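One structure is given below, encoded as structure tokens.
The values are calculated or read from the model by the stated rules, or taken from the named source; none is laboratory data. Only a predicted model underlies this, so the values are computations on that prediction, with no experimental measurement involved. Counting neighbours? That spans all protein chains shown, and the Cβs are built from the backbone with ideal geometry, glycine included.
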């Protein structure tokens, strides 16, 4: 949000007062004086006027988790353990999941309190590839790759999937790269050929790859350079 709008939304300031505050250089964002009304106030910004804190800000947090099977991609669930149950961090209920996985799907999960960052990661418009290792009940034929590249029509959503890349690894195993995250998308894609997915494991999301040192159920904070990749 623009700083002039942020300040105008507070009951104590009108628009004229906001303009004066900025001209007189009485506003600080994250410790820096700002006079430009277009300066951006983020969810995590510290905003001060005359040394009075109007928004304290809070640290942005980013975690990589190796999701195990039998775990719900939710912040809370009355029946099953959730991915947040695996996180031992203060104020963890401020966190949310960037790109959910099905109950028995394993692999890379990203958890953060930064909504802007997670939207960049998951919005279909960004076309960040999500790569999955897939094992199926029956053999994967050569026609799969062609159909996935063309896109599959999903009647429930009345849409055709974006082109996906399939790399065959064995008779019943493959690596699939998609740029969307439709409901049960991978299973439905193989279901088009009446081929049941037996194992599904997410290896990467965009440039972020699951840390091989993480065992199922383990997590770690993302490094600065990893956060900046998105």
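Points worth noting:
- Matching residues in segment 204-222 - criterion: being exposed (fewer than 15 other Cβ atoms within 10 Å of the Cβ) and under 16 Å from the mean Cα position of the chain (by Cα): 207, 209, 220, 221
- Qualifying residue in segment 131-145 (condition: closer than 30 Å to residue 60 by Cα, surrounded by 13 or more Cβ atoms within 10 Å (Cβ to Cβ) and modelled with pLDDT of 95 or more): yes
- Boolean, residue 101 is under 19 Å from the mean Cα position of the chain (by Cα), outside any loop (DSSP other than H, G, I, E, B) and crowded, with 16+ Cβ neighbours inside 10 Å: no
- Set 121, 65: member being buried (at least 16 other Cβ atoms within 10 Å of the Cβ), touching a residue at least 24 places away in the same chain (Cβ under 8 Å), under 14 Å from the mean Cα position of the chain (by Cα) and outside any helix (DSSP H, G or I): 65
- Taken over segment 147-181, the residue count meeting the criterion of being under 23 Å from residue 70 (Cβ atoms) and under 22 Å from the mean Cα position of the chain (by Cα) is 2.
- Scanning segment 127-149 for residues that are closer than 20 Å to residue 203 by Cα, part of a helix (DSSP H, G or I) and touching a residue at least 24 places away in the same chain (Cβ under 8 Å) yields one hit, 148.
- Test set (1) surrounded by fewer than 19 Cβ atoms within 10 Å (Cβ to Cβ); (2) within 26 Å of the chain's Cα centre (by Cα) - residue 50 fails condition number: (2)
- Hits in segment 192-230 - residues which are under 11 Å from residue 64 (Cβ atoms), in a loop (DSSP other than H, G, I, E, B) and in contact with a strand residue (DSSP E or B) (Cβ under 7 Å, 6 or more places away or on another chain): 210, 211, 214, 218, 222
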